[in-house]
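Take a look at the structure below.
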């Protein structure tokens, strides 16, 4: 007899807390969070089982508060749904679960693959991403978070401190790689220490998988890493994932133009620094998971990208 799928068991248990759910949870995606698609009386929703040990209950509730605020102000992001008891978060089987509105569209791309919308007006789409990103930042600046709001910080310490939020990237590669990365870390730390940069709540992970294309509109999903950080970090994240595209200069300019339509751009003098910093966060993330299946190949690929980005952008 086959062992029961524990994620499925927890999803069914969690679904019982939302009376609007009308169907059995259907597995959609296993990443660090496990996502199920469920039918509800208000249309399809995403039932998430949050990964254990990453965020506590206060930080998870804060993520949901942030998304609820953005959705309520017209930013195209998932909207949290409340349980029959009026909660946005429940705990089942040692994990927390939440329910979000299901947004239409297809991901802009997948990790390690070219952008998905070949043949579309790519510059128009990047302009739309920049515009939506600027609105997100603006809404966050105008919002007063509730008392006790808690999210991680992608600040100087979180990016290049002794224990960066996503791991010690300078421990990647061989000895020569380590020396290069340690040198870049020292340089970046010095620049950030002296710079006065636009800082506030950000998405922090606007990679291809987290941007849904829905005709002429774009939607942002997966606020798992959202927190306090430099606004250039959001711009650099989207650009980093497009850096090997043949039309990268046009995509770069379109993203910034879209942003500038809605909000004053951050100081672009420091954008090259954040292209490098974004490449380093992936090395830290992988270094902390080097023993997991498939990570060795990813580590080689992302180290190669990071060294190319460093060579291209460091001045």
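The values are calculated or read from the model by the stated rules, or taken from the named source; none is laboratory data. Keep in mind the model is a prediction, meaning the values are calculated, not measured. Cβ coordinates were reconstructed from backbone atoms using ideal geometry, including for glycine residues, and neighbour counts include every protein chain displayed.
Rundown of residues vs (1) under 22 Å from residue 106 (Cα atoms); (2) free of Cβ contacts under 8 Å to residues at least 60 places away in the same chain, yes/no style:
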site: 201; (1), (2): no, no
site: 217; (1), (2): yes, no
site: 220; (1), (2): yes, no
site: 224; (1), (2): yes, no
site: 232; (1), (2): no, yes
site: 255; (1), (2): yes, no
site: 269; (1), (2): no, yes
Report summary line: Residue set 276, 221, 305; condition touching a strand residue (DSSP E or B) at 6+ places or on another chain (Cβ under 7 Å) and not assigned by TED's automatic domain parsing to the domain that holds residue 47; output residue 221
**Report entry** Of all residues in the stretch 206-221 being at pLDDT 95 or above and part of a loop (DSSP other than H, G, I, E, B), the one that is surrounded by the fewest Cβ atoms within 10 Å (Cβ to Cβ)
**Finding:** 221
Report task. Examine the stretch 106-116 for a residue that is surrounded by 19 or more Cβ atoms within 10 Å (Cβ to Cβ), touching a strand residue (DSSP E or B) at 6+ places or on another chain (Cβ under 9 Å) and part of a loop (DSSP other than H, G, I, E, B), and state whether such a residue exists. Result -> yes
Query - Filter result (assigned to a helix (DSSP H, G or I), in contact with a strand residue (DSSP E or B) (Cβ under 7 Å, 6 or more places away or on another chain) and surrounded by 14 or more Cβ atoms within 10 Å (Cβ to Cβ)) within the stretch 137-194 - result: 137, 140
Query raised in the report: Is at least one residue of the stretch 284-296 at pLDDT 90 or above and either surrounded by fewer than 17 Cβ atoms within 10 Å (Cβ to Cβ) or part of a helix (DSSP H, G or I) (or both)?
Result: no
Query raised in the report: Residues in the stretch 28-36: is at least one in contact with a helix residue (DSSP H, G or I) (Cβ under 6 Å, 6 or more places away or on another chain) and not in a strand (DSSP E or B)?
Result: no
**Report entry** Flag for residue 256 being in contact with a helix residue (DSSP H, G or I) (Cβ under 7 Å, 6 or more places away or on another chain), within 15 Å of residue 123 (Cα to Cα), at pLDDT 95 or above and assigned to a helix (DSSP H, G or I)
**Finding:** yes
Requested in this report: Residues being over 18 Å from residue 145 (Cβ atoms) and either assigned to a helix (DSSP H, G or I) or more than 17 Å from the chain's Cα centre (by Cα) (or both): count how many of those fall in the stretch 63-97.
Outcome: 16
Report summary line: Residues of the stretch 235-249 being more than 17 Å from residue 218 (Cβ to Cβ) and in a helix (DSSP H, G or I), in sequence order, are 236, 240, 248, 249
Requested in this report: For residue 39, work out the one condition from (1) in contact with a strand residue (DSSP E or B) (Cβ under 6 Å, 6 or more places away or on another chain); (2) modelled with pLDDT of 95 or more it doesn't fulfil.
Outcome: (1)
**Report entry** residue 97 being under 20 Å from residue 18 (Cα atoms), in contact with a helix residue (DSSP H, G or I) (Cβ under 7 Å, 6 or more places away or on another chain) and without any contact (Cβ under 8 Å) to a residue 60 or more places away in the chain
**Finding:** no
Query - Residues that are surrounded by fewer than 17 Cβ atoms within 10 Å (Cβ to Cβ) and touching a strand residue (DSSP E or B) at 6+ places or on another chain (Cβ under 7 Å), drawn from the stretch 21-36 - result: 22, 23, 26, 27, 28, 29
